[in-house]
1. It is to be established whether one or more residues within the stretch 163-174 are at pLDDT 95 or above and within 16 Å of ligand 1 (Cβ to nearest atom).
2. So for the stretch 304-323 (the condition being within 12 Å of ligand 2 (Cβ to nearest atom) and either modelled with pLDDT under 95 or out of contact with any Asp or Glu (no Cβ under 9 Å at 6 or more places or on another chain) (or both)), does at least one residue qualify?
3. Test of understanding: among Ala333, Ala281, which residue is surrounded by 19 or more Cβ atoms within 10 Å (Cβ to Cβ), within 15 Å of ligand 1 (Cβ to nearest atom) and modelled with pLDDT under 90?
4. Which ones in the stretch 219-266 are under 27 Å from Phe143 (Cβ atoms) and of a type in the set (Asp, Glu)?
5. Working carefully through the options Val265, Val276, find the one that is over 27 Å from Leu120 (Cα atoms) and touching a helix residue (DSSP H, G or I) at 6+ places or on another chain (Cβ under 7 Å).
6. All but one of (1) over 23 Å from Trp107 (Cα atoms); (2) modelled with pLDDT of 90 or more; (3) surrounded by 14 or more Cβ atoms within 10 Å (Cβ to Cβ) hold for Ala246; state the number of the condition that does not hold.
7. Scan the stretch 289-323 for residues that are touching a Leu at 6+ places or on another chain (Cβ under 6 Å) and part of a strand (DSSP E or B) and jot them down.
8. For residues that are touching a residue at least 12 places away in the same chain (Cβ under 8 Å) and in a helix (DSSP H, G or I), tally how many sit in the stretch 183-229.
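The values are calculated or read from the model by the stated rules, or taken from the named source; none is laboratory data. Just so you know, these numbers come straight off a predicted model, no measurement behind them. A quick note on method: Cβ atoms are made from the backbone with ideal geometry, for glycine too, and the neighbour counts reach across all protein chains shown.
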Amino acid sequence: MPSEPLLTFTDRGICCPRGGFFIDPWRPVDRALITHGHSDHARPGHGAYLATVAAAPVIRHRLGAIRLDTIAYGERRRIGGVTVSFHPAGHVPGSAQIRIEGAGEVWVVSGDYKTEPDTLSEPFEPVACHTFISECTFGLPVFRWQPQAAIAADLNAWWAGNAAEGRVSILGAYALGKAQRLMAAVDPAIGPILTHGAVEATTAVLRAQGITLPPTRHAGAGIDAKSHPGALVIAPPSALGTPWAARFGPASEAFASGWMALRGVRRRRGHGRGFVLSDHADWDGLNSAIRATGAERVFVTHGYTAIFRRWLEDQGYDAGIVATEYQGETADAEAESDPALPGTME
Ligand SMILES: [Zn+2]
Ligand SMILES: [Zn+2]
């Protein structure tokens with residue numbers, strides 16, 4: 001009779017009974033280990049939180065007064081009957097995969113991850129394990145990303161072209177991670193970079209923890225297309241097409257997301273441009289990350305789970321699916337729901 005697995009899947013999220021904690025739970029629990037600050041992972045209401053040093057400032061900014069303990073990457077900590085450690089996931093600054101060791105077994109929960117370095121996030125680090133729980137947001141062969149430098153060149157050409165015609169460029173991007181990655185990737189010599197309040201607030205938190213980003217200006221009252229012709233405005237997707245954005249009109253709009261790889265999504269968005277840039281691993285990234293763990297068993301979560309599981313079984317893995325509360329829905333990690341996008345869990 002095998003003993004209870006190291007991790008179990010419950011209606012509150014991934015549980016470690018032996019350690020007495022949950023990982024990224026979506027309902028209140030006593031003790032939560034948090035992979036990163038996106039709101040589908042760091043929820044309010046838990047008794048105690050544990051996250052990396054680099055993820056903590058954003059989590060505090062978003063959740064307010066919580067009991068939050070921090071851990072360095074690679075530091076081993078005993079919790080209950082297991083040993084845990086956090087390892088870079090390359091998704092957003094501070095994001096982690098969580099390794100759990102106990103009863104002679106090692107499991108790793110990936111959280112959200114990206115294998116391509118982006119200059120801001122701590123680069124993804126493969127962690128050897130017996131069982132790997134992998135996200136698969138973009139787990140279809142159609143999702144294959146261009147190198148970040150190529151996307152940045154396209155972005156700069158688009159921005160410079162608009163600026164030359166005296167037009168503002170508005171770029172929709174998630175407030176944590178994507179927005180900062182974009183401002184760090186574009187050429188600030190083209191013009192001023194303006195931000196929506198949600199983006200500016202998160203950017204300020206990241207700057208305060210030592211992350212270097214180009215100068216930005218919050219686009220508050222009195223800031224518009226007249227005061228800043230040819231500016232680049234970075235705003236959450238939900239702010240595009242609102243009265244707040246109208247002050248920059250007639251502007252050129254674009255959206256940066258992995259979903260832009262799907263022609264139907266681009267069409268439904270109706271924006272001028274779609275830049276295929278994601279903070280998640282693409283098809284090749286998922287497969288190389290899974291291989292690098294050396295795991296025999298892989299559970300998949302978030303995204304094209306049924307298809308990706310079958311693919312893994314064909315590759316000889318013992319594969320399963322972890323259901324999440326938002327499985328198959330169009331919920332958005334940053335609480336900026338965008339019904340035009342399928343599952344915008346960035
Ligand atoms: Zn995330
Ligand atoms: Zn997520």
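1. no
2. Filtering the stretch 304-323 down to residues within 12 Å of ligand 2 (Cβ to nearest atom) leaves none.
No, that holds for no residue.
3. The conditions single out Ala333.
4. Result: Glu253, single match.
5. Val265
6. Condition (3) is where Ala246 drops out.
7. Val298, Ala319
8. So the answer is 13.
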